[in-house]
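My questions will all concern the structure given below.
The values are calculated or read from the model by the stated rules, or taken from the named source; none is laboratory data. What you see is a predicted model; the values in this text were computed from it and never measured. When we count neighbours, we look across all protein chains shown, and the Cβ atoms used for this are built from the backbone with ideal geometry, even at glycine. Keep in mind that these areas ignore ligands, DNA and RNA; they rest on the heavy atoms of the full protein, side chains included. Shrake-Rupley method; radii C 1.70, N 1.55, O 1.52, S 1.80 Å.
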Amino acid sequence: MAKPLTAEQKVLIIGASHGGISMAEQLRKQGFDGAITLIDREASMPMERPPLSKAWLLAAADEEKSGGFLMRQPEWFQENKVEFKKGCDAVAADPVAKTVTLANGDALAWDHLVLATGAVPRALPLSDEVEQSGRVHVLRVPDDAEKLSQAMTNAQRMAIIGGGYIGLEVAASARKRGLDVTVIEMAPRILARVASPEASQYFHDLHQAHGTNIMTNAAVDGITSTEDGLEISITTPSGQEMIKVDLALAGIGVIPDLALADDLGIDQGNGFIVDGDYRTGQDNIWAIGDVALATEGYTQGAMRIESVHHAQMSAEIAAAVMMGARPKTHEVPWFWSEQYDKKLQSAGLVPQGAETIARQGKRDGAMSFWSFDQGVLTAVESIADPQAYMIGKTVITEGTPLTPDQIADPEFVLKSLIGR
Ligand SMILES: Cc1cc2nc3c(=O)[nH]c(=O)nc-3n(C[C@H](O)[C@H](O)[C@H](O)COP(=O)(O)OP(=O)(O)OC[C@H]3O[C@@H](n4cnc5c(N)ncnc54)[C@H](O)[C@@H]3O)c2cc1C
């Protein structure tokens with residue numbers, strides 16, 4: 001067991017989003033009394049990320065946006081004795097001197113360093129002309145959401161490149177704002193990386209029913225801008241024009257922010273490589289949240305998980321280990337999404353080649369998809385059916401015996417699976 005943190009030690013957390021804030025909170029909850037410094041390159045107070053593709057794009061007033069989505073009120077930082085420094089970009093780090101250097105030249109000292117640097121959107125290669133047109137957006141931070149929201153005000157036709165959750169949530173928000181929307185997905189189905197084929201089909205149908213045009217097996221090769229900069233044209237690899245729009249969002253995934261990896265000598269893959277306690281190979285350096293590639297804790301092998309739950313859970317585990325306490329075990333990953341009036345809740349991970357059974361819930365519109373790997377439940381995706389989600393998550397966690405036939409039987413009582 002690691003030597004517990006002492007009150008004389010300093011913890012520096014880089015990244016004040018879901019992971020970094022949870023880390024500061026957990027350290028205090030778990031009894032750490034020493035100095036915590038939390039920095040972020042963003043100039044604003046830390047804001048929730050999930051609303052950026054949903055409520056933010058629909059919120060009218062500026063006050064609602066800035067106040068309503070704050071991750072913590074300003075008093076929280078004082079009450080928890082967390083020194084928060086916004087607008088501070090960590091540009092260099094020294095693991096021997098135990099310092100981090102900011103873009104303004106200041107150096108911050110640490111005894112433990114937590115990398116909660118998250119990820120940045122994968123960018124499409126754009127010509128200067130298209131870049132300058134300001135018509136191609138990405139979405140990760142509040143500033144992106146604000147720019148996108150303003151651009152939507154003056155647009156009629158929008159293309160969403162990438163049919164993942166963020167792209168689809170923006171598609172739903174754009175439709176609600178009256179835009180004509182086309183989703184362009186390279187894979188044979190939307191949500192191919194993260195959802196079962198049955199759940200993909202459900203959302204495909206949902207978006208089509210709301211008037212969104214969905215193109216699958218459609219690779220985007222380039223974007224050109226008209227001379228007057230008023231339109232952009234999206235082209236296929238064979239150079240054909242696919243569609244002309246006023247506005248596009250590139251929702252083609254993210255790249256973990258590993259900028260400090262070389263300075264710190266941390267092993268990296270598709271993330272900072274950490275063990276199941278979120279410890280990097282370097283003494284007293286930890287990585288949590290979207291940027292952490294955990295080699296233990298998941299049955300599927302090394303994984304980088306992008307979700308609010310994972311950011312919070314990894315912070316809780318790492319804080320416990322720092323404090324010399326026994327950490328809780330990894331929970332089943334879970335996630336939610338909102339598109340139109342439908343709320344998806346999913347628990348577990350859908351493996352390749354899973355057998356997925358659809359089950360209708362009791363409430364109007366309630367639906368769930370249960371994915372089995374060699375007869376063992378590994379994921380449940382529920383729509384407007386919180387009971388199915390909760391029971392499925394418990395079954396996965398506890399390894400409760402359950403067969404695909406039972407789930408396929410409408411008479412089977414889900415509640416019989418819990419409280420045995
Ligand atoms: C639009 C959108 C919608 C989403 N919806 C959902 C949802 O519905 N449900 C869900 O579970 N998840 C959702 N997610 C994913 C979820 O928000 C992420 O998994 C979560 O934010 C990860 O938190 P994090 O702290 O690891 O990283 P991030 O949120 O990426 O934060 C990293 C922070 O580190 C800062 N940083 C990075 N490098 C430096 C540096 N060198 N110096 C200073 N600061 C630095 C960045 O500025 C950033 O603020 C959504 C994400 C987005 C973008």
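At 1.4 Å probe size, put 303, 186, 322 in order of accessible surface, largest to smallest.
186, 303, 322
Of the cross-linked pairs 29/393; 81/342; 147/244; 343/415; 244/342; 98/328, which ones have a Cα-Cα span greater than 32 Å in the structure shown?
Table pairs above 32 Å Cα-Cα are 81/342.
Any idea what the dipole of the chain comes to, in debye rounded to 20, about its Cα centre with Lys/Arg Cβ at +1 and Asp/Glu Cβ at -1?
1000 debye
Mind jotting down the three principal axis lengths of the chain based on Cα atoms? Whole angstrom, largest first.
Computed over the Cα atoms, the extents are 64, 60, 41 Å.
Return, for the Cα atoms of the range 185-339, the radius of gyration and Dmax in Å, separated by a comma.
20.4, 62
Turning to a different aspect of this structure: How many nm is it between the label spots at residue 342 and residue 132, if each spot is 7 Å from the Cα in line with the beta carbon?
Roughly 4.3 nm, to one decimal.
Could you name the aspartates and glutamates in cross-link range of residue 54, using Cα to Cα under 19 Å and dropping any fewer than eight places away on the same chain?
Those aspartates and glutamates meeting the cut-off are 62, 63, 64, 143, 144, 146, 169, 180, 306, 338, 341.
Now for a separate question. Can you work out the FRET efficiency for the pair residue 48 and residue 270, with r the C-beta to C-beta distance and R0 = 30 Å, to the nearest 0.05?
In this case the efficiency is close to 0.75.
How much accessible surface area, in Å² rounded to 10, belongs to the heavy atoms of residue 397 with a 1.4 Å probe?
Accessible area, nearest 10 Å²: 90 Å².
Which far-off residues, 5 or more places away or on another chain, put their amide H under 5 Å from the one on residue 339, with H placed in the peptide plane?
Amide H neighbours of residue 339, under 5 Å, 5+ apart: 344.
Could I ask something else about it? Net charge around residue 375, counting only other residues with Cβ within less than 12 Å of its Cβ (Lys, Arg = +1; Asp, Glu = -1)?
Here the charged neighbours net out to -3.
A further question follows. Return the single residue from 12, 377, 102 with maximal mean-square fluctuation; model: Gaussian network over the chain, springs between Cα atoms under 10 Å.
102
Still on this model: If we sort 304-313, 274-283, 16-25 on the protection proxy, mean other Cβ atoms within 10 Å, highest first, what's the order?
With the highest mean Cβ count within 10 Å placed first, the list reads 16-25, 304-313, 274-283.
Using the Cβ atoms and a cut-off under 10 Å, what net charge is assigned to the surroundings of residue 87, where Lys and Arg are +1 and Asp and Glu are -1?
0
For residue 86, go through the lysines and keep the ones whose alpha-carbon is under 19 Å away, minus same-chain ones fewer than eight residues off.
10, 65
Can you list residues from other chains, or at least 5 along the same chain, whose modelled amide H is less than 5 Å from the amide H of residue 91?
Under 5 Å from the amide H of residue 91: 101, 102, 103.
For the range 181-261, state which GluC sites (Glu not before Pro) are in a DSSP loop and have at most 13 other beta carbons lying within 10 Å of their beta carbon.
In loop regions of the range 181-261 (DSSP not H, G, I, E or B), the sparsely surrounded GluC sites (Glu not before Pro) are 227.
Read phi for every residue in the range 109-125 and hand back ³J(HN,Hα) as whole Hz from Karplus 6.51 cos²θ - 1.76 cosθ + 1.60, θ = phi - 60°, with x for Gly and Pro.
Those phi angles translate into 8, 8, 9, 10, 10, 10, 9, 10, 7, x, 8, 10, x, 5, 9, 7, x Hz.
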